[in-house]
1. Can you give me the angle between helix 60-88 and the longest principal axis of the chain, using Cα atoms only, in degrees from 0 to 90, rounded to the nearest 10?
2. Do you know the relative contact order of the range 106-410, to the nearest whole percent, from alpha carbon pairs under 8 angstrom that are 6+ apart?
3. Need the full-extension length gain, residue 5 to residue 110, defined as separation in residues times 0.36 nm minus the C-alpha distance. One decimal, nm.
4. Mind sorting out which of [x] 65, 26, 19; [y] 49, 22, 20; [z] 29, 28, 20 is the real semi-axes √(5λ) of the Cα gyration tensor in Å computed from the coordinates?
5. Pairing the Cα long axis of helix 27-56 with the longest principal axis of the chain, what angle in degrees results, from 0 to 90 and rounded to the nearest 10?
6. Could you work out how far helix 11-20 tilts from the main Cα principal axis of the chain, as a 0 to 90 degree angle to the nearest 10?
7. Which residue, 194, 143, 314, tops the fluctuation ranking in a GNM of the chain built on C-alpha contacts under 10 Å?
8. When 207, 214 are ordered from fewest to most other Cβ atoms inside 10 Å of their Cβ, what list results?
């Protein structure tokens, strides 16, 4: 849960954060409910102390009567606590990076920097759909036959190109001190609650109803929850992980959009960076820039034009303290398309996961967490294939990926 004490310390500041995020939160109502919970707890403690005193005086009848009262108070407390928890789970982070531009939604995100040159083709460029079909790299028709809408088979060099991108990215991160993790694709609901995807993201996730478990939409979920319920030592931090996984999303909120091709699919592959660090804002900024740079280096190495987007307050998920997107140029869309997202959460996720560390003075503190997409395919393949197409319909393979493919061109 969020730190309600921090809200009480400066109610006006938290209300301003909610306002900037365009979230209608009844902060006063939440605090009043918390007051009611605390008063009930005080009454329970008081009644129990009185009951103990009556028992010591051998007034068993009086103690018995108090037992009924205590049970009634505890039932009220349980109900109020459940209501409060439900409200707290929907409340945004108590902190917001002051550098974030204020805006109503994604239309007011800010382009921070542009990298690489958009290719000027001396021919009519083809879409990744046409290129991949002609080169027999993908089969959408049989994908839909087998898995329904937004399903596909990557074939031959199409599948190998995806693996080349993933393996190159993994190797780069391991060389930079990240521990690779092959993660569970099926997780318990506590992991999704702890990372902030629930409540609110249930409609976009695949639920295995019989077991009450869920398919992950990103390896951020199991990797961030890896140390859930643990107490780490400060000298162990930061912990740098890169999770490798298949990911699954229902895309429930995007019905009718991007139905053709590989842009918006139900199943995809991803390498995700996750850093767990002590409660230190300076260190947060340092590692935020590091994981952002890691992703940018992969894009530059693959010779794909891209831009860095600063998310505004109205486009932030509730747990995010700060966030940027990376968008790659996609010629067939004649625009940039989102391929990466980097986010810092401070202690938002750690509180929900009960992920703590013992500082050098022996005091327990909540960790800070952050994550960033290192690479996600097949969406990135759109940019890779379309930007590197040639006039004769082939695909030029970037030099860094050639050792994985064993050749310079596809086709």
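Values in this text are rule-based calculations from the coordinates and carry no lab data. Given the structure is predicted, the values throughout are model-derived calculations rather than measurements. With ideal geometry, Cβ positions are generated from the backbone for all residues, glycine too; neighbour counts draw on all protein chains shown.
1. The angle comes out near 20 degrees.
2. Contact order relative to length: 24 percent.
3. Working: separation 105, 0.36 × 105 = 37.80 nm, distance 3.30 nm.
Contour length minus Cα-Cα distance gives 34.5 nm.
4. Of the labelled values, this structure produces [y].
5. Once rounded, the angle reads 40 degrees.
6. Approximately 30 degrees, to the nearest ten.
7. 143
8. Least to most surrounded, the residues fall as 207, 214.
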